[in-house]
């Protein structure tokens, strides 16, 4: 077979190639048009057989993984052949296996005379199917001639093991369930272009090894997070995604407009302020696991639309959230069948609690080699790193130095505590030092995974800090308005509380050994084709 690659890195086969390996047809090319024409001709033949090529309900089918577990029910009998004229014939082997019914996608097929071998795939696994002309009957045999890679079929038959030791279904009946007009990627190349893989996730899930398993593991992680919080007495709620004010974080929002109310709106950049309103309303343990949107860049760790967990616990504090963070991660590892020590990007991460805890200033001393309280020395350090210092609060400069010089060294998991209070406007101050926020960030391999506060519940101080931040931002789009209703809510009395935010996509990256956030998001944002 002759092979070549198209510009997207997808293996492309010539039209003359035989059944067994195909690839994504490129619309508008001669190859793509010819492959589609051949498939449409088979579609027509299926219809001529009086069969609906788009199928229908197919009850009673078993997951392929469940079918494979029935292999021990296959009974094999060996019958010695009679001896005639002093010549011994070969013994006859008879098998009797359980009747099974499977449905899935054809991912490989090859013909050998009156026998067709298929690999049938569903989301639990794959299995070989043997279709014999004599065993399935004339009409089913004609139907089998119309199968293409990517078609979805149903199979009834008996489980058996071939002479080569391959567990297989010996088909007795076939049901056509859906025709694939497009050709799938080449079996031995698959989708290799990262942009195309994300754009055609429906193909990527089937034909790229490990993708479906990773996405199913993500689902288990999310289920585990919910189960952990439920077990700790938290209640899940759904807050609004359309806000009149972008609050709860310093980030640039996506803007829209509501015609009926004649008001501008933004997509939420955080979940925090509405969940705290619920604390005021008496919901003592509350969380939301949902999408937030930030009109910012795209890279290995960022997507403009991402999944955030925020949880708030009345009568808790920052340390309560440390315990909760550890439990969420440990439970998720166990739910996905993993040990507490995992491999990630060739490195070893030990999630055995308790996680390391270090103060912000001690890390600056260690990695920057400058006294963090020495303003002049820190400003000189910032200038040497190309950080703009003019007109900036010292703590903002200090934090930029931390991001540049310290974060990449935090292999973790490590709780970084005692941030400067001036950069944490929603956080309570430490009783013994009002310049320090009672806050932590959890870092793993230089990536911020979680953020937590002892929540500020003093309405007058909160209003003052919001005002100062607004003045400092000078009407920057990331913090342009004060949420007066939130201040009003605090005036009704919010209990002391701990609050936690976890980036679910980033958590899934670490628990699935993935280095790019787009690999754990089913449909990451991309430019139009």
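The values are calculated or read from the model by the stated rules, or taken from the named source; none is laboratory data. From a predicted model like this one, the values you see are computed outputs, not experimental measurements. Cβ placement follows ideal geometry from the backbone for every residue including glycine, while neighbour counts extend to all protein chains displayed.
Check whether at least one residue in the stretch 310-331 is under 15 Å from the mean Cα position of the chain (by Cα) and either assigned to a helix (DSSP H, G or I) or farther than 27 Å from residue 241 by Cα (or both), and report yes or no.
no
What are the pairs with Cβ atoms under 9 angstrom where one residue, in the stretch 271-289, is free of Cβ contacts under 8 Å to residues at least 24 places away in the same chain and the other, located anywhere, is part of a helix (DSSP H, G or I)? Sequence gap at least six, or different chains.
281/489
Evaluate the following for residue 353: is it part of a loop (DSSP other than H, G, I, E, B), touching a helix residue (DSSP H, G or I) at 6+ places or on another chain (Cβ under 7 Å) and either closer than 24 Å to residue 505 by Cβ or at pLDDT 95 or above (or both)?
yes
State whether the residues of the stretch 123-131 include one that is under 22 Å from residue 53 (Cβ atoms), free of Cβ contacts under 8 Å to residues at least 40 places away in the same chain, crowded, with 20+ Cβ neighbours inside 10 Å and in contact with a strand residue (DSSP E or B) (Cβ under 6 Å, 6 or more places away or on another chain).
no
So, residue 50, is that one out of contact with any strand residue (DSSP E or B) (no Cβ under 8 Å at 6 or more places or on another chain), surrounded by fewer than 12 Cβ atoms within 10 Å (Cβ to Cβ), assigned by TED's automatic domain parsing to the domain that holds residue 142 and more than 23 Å from residue 100 (Cα to Cα) or not?
Here the answer is yes, as residue 50 does meet what is asked.
Determine which member of the set 217, 268 is under 30 Å from residue 186 (Cα atoms) and in contact with a helix residue (DSSP H, G or I) (Cβ under 9 Å, 6 or more places away or on another chain).
None of the others qualify; the one that does is 217.
Identify, by number, the condition in (1) out of contact with any strand residue (DSSP E or B) (no Cβ under 6 Å at 6 or more places or on another chain); (2) surrounded by fewer than 16 Cβ atoms within 10 Å (Cβ to Cβ); (3) modelled with pLDDT of 95 or more that residue 141 doesn't meet.
Residue 141 satisfies all of (1) out of contact with any strand residue (DSSP E or B) (no Cβ under 6 Å at 6 or more places or on another chain); (2) surrounded by fewer than 16 Cβ atoms within 10 Å (Cβ to Cβ); (3) modelled with pLDDT of 95 or more except (2).
Residues are listed down the side, and each one gets a yes or a no for (1) outside the structural domain of residue 510 (by TED's automatic domain parsing); (2) surrounded by 19 or more Cβ atoms within 10 Å (Cβ to Cβ):
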| position | (1), (2) |
| --- | --- |
| 299 | no, no |
| 310 | no, yes |
| 329 | no, yes |
| 344 | no, no |
| 363 | yes, yes |
| 378 | yes, yes |
| 384 | yes, no |
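Give the stretch 401-423 a look and list any residue that's more than 30 Å from the chain's Cα centre (by Cα) and either crowded, with 20+ Cβ neighbours inside 10 Å or at pLDDT 95 or above (or both), or say none.
Within the stretch 401-423, 401, 418, 419, 420, 421 qualify.
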